[in-house]
Structures are given as C-alpha cells and as structure tokens.
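First up is the structure itself, then whatever we jot down about it.
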Amino acid sequence: MLINLLPHRQWALARKRKAFAVSMGLAAVVGALIAVASSAWLARQLTEQRAANSDLQQAVTLLDGQLKRKVQLKTDLALLRLREAALQDLRDESQLAGILMRELATHLPDGLYLTALKQDGDKVRIHGAARSGEEVFELLRQMVSGGQWLARPELIEVAAAPGASVKQGEPVGTPFSMRAFLKRPELHASSLD
C-alpha cells in the first residue's frame, strides 16, 4: 500500500478537474444559448426577408398587370386610329364620288352624254357619246381650264359615229373615251354644297 503524503495535491487536482468540467459545461450551455439566440435571430430575419420578398412579388405582379393593360390600351388605341383613318378615307371617297360627278356635270356641254365613269386609284376613265367631236373637245378644254378635281385630261379615243346598229338605252352619237387624274385637295363640308 502506498501512502500519500501530500493529499492536498490530489485535492487540488480534483478541484481543477471539477472546475474544468463546470467551465466546460458552462461553455456548452452558453454556446447552446448563443446558437439558439442566433438561430432565432436568423429565423426572424429570414421571415422578414420572405415577407419583404412577398411584398415585392405582389408589387411586381401588380406592375406587370398595369404594363399589360397599358400595352393593351396602346394596341386598342392604334386599332381605333386605324379604324378612324379607314372611316375618314371611306367618307372622303364617298364625298369624292359626288364631287367628281358634280364637276363633270358643270363641264359637260350640251349634246354630250356620259355612259361610264370608272375610277382606279387616282385615274378616272370617262366614256360617253357626243353629237359630234366638237362637244368632246369642248369638254376637254373646260376640264383643262377650270378643273378643280380633275387634272391632266387626255383624250384616248373618239370613234366614228355608229351606223344604224344602236343599242337600246345608249345615246346616239360619236363614242369617246378619255382619262384624267384626280387631284385630292382637302375635302371640306363646303365642297358638298
């Protein structure tokens, strides 16, 4: 058997071991508390960030909806402008037919009859019959000197007077055909009066 002559060393060593174990336990508890606190803090930060992301996502969705509405409104506006332009062109064309007929009527000398009037774009072909070639040239002269809506009239053909084979409903006389080009001044309400 061994006898320990210095028991205070053994007691000091045991106290140190106990103090080490207590300090290690305390460090573990403090570490666990710090880990739990930082985990809770990070979880709260993550929750706040997710809420902010959700708010941003809602704002982006709202903005996308507004942008889609704006694009749709621009498309609708462009379609309405096209429709308005088409209606304006149609109205102008319908007015132009009346104006063209009135202008031809003002230049039409006695003894000259129109049988056909065809418009292809800005070209107007005029077919008719006259008692003589004189009326055709008079119409041509009046169109050159005072035509507001018809420009550059050209005589295409003046045929010889038909013989006895006159179709029913057609005027008797010298058939002619001419071409003119439309001038397109602005249509005003006064043009229709």
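List of remarks:
- Subtracting the Cα-Cα distance of K183 and Q10 from 0.36 nm times their residue separation leaves 49.7 nm of extension gain.
- The angle separating the long axis of helix 133-146 from the principal Cα axis of greatest extent in the chain is about 40 degrees.
- Formal net charge of residues neighbouring E134 (Cβ-Cβ distance under 13 Å; K, R +1; D, E -1): -1
- Residue order, fewest to most beta carbons within 10 Å, for F176, F137: F137, F176
- Order of H8, H127 under a 10 Å beta carbon neighbour criterion, fewest first: H8, H127
- Within the same chain, aspartates and glutamates fewer than 8 places from K123 are excluded, and of the rest, those with a Cα less than 14 Å from its Cα are E93, E154.
- Computed [θ] at 222 nm, deg cm²/dmol, the chain (DSSP H ≥ 4; -39,500 (n - 2.57); rounded to nearest 500): -22500 deg cm²/dmol
- Phi-based couplings in Hz for region 41-58 (Karplus 6.51, -1.76, 1.60; Gly and Pro marked x): 5, 5, 5, 5, 4, 5, 5, 5, 5, 5, 5, 5, 5, 5, 4, 5, 5, 5
- About its Cα centre, the dipole of the chain is roughly 2880 debye, where the only charges are +1 on Lys and Arg Cβ and -1 on Asp and Glu Cβ.
- Radius of gyration, Dmax [the chain; alpha carbons; angstrom]: 51.3, 167
- The residues neighbouring R83, those whose beta-carbon lies less than 12 Å from its own, together hold a net charge of -2 under the Lys/Arg +1, Asp/Glu -1 convention.
- Positive minus negative residues near V124 (Lys, Arg vs Asp, Glu; Cβ under 10 Å): +2
Coordinate-derived values only; no laboratory data. Predicted model, so just to flag it, every value in this text is computed and none were measured. Don't worry about glycine lacking a Cβ; one is built from the backbone with ideal geometry, like all the others, and counts go over all protein chains shown.
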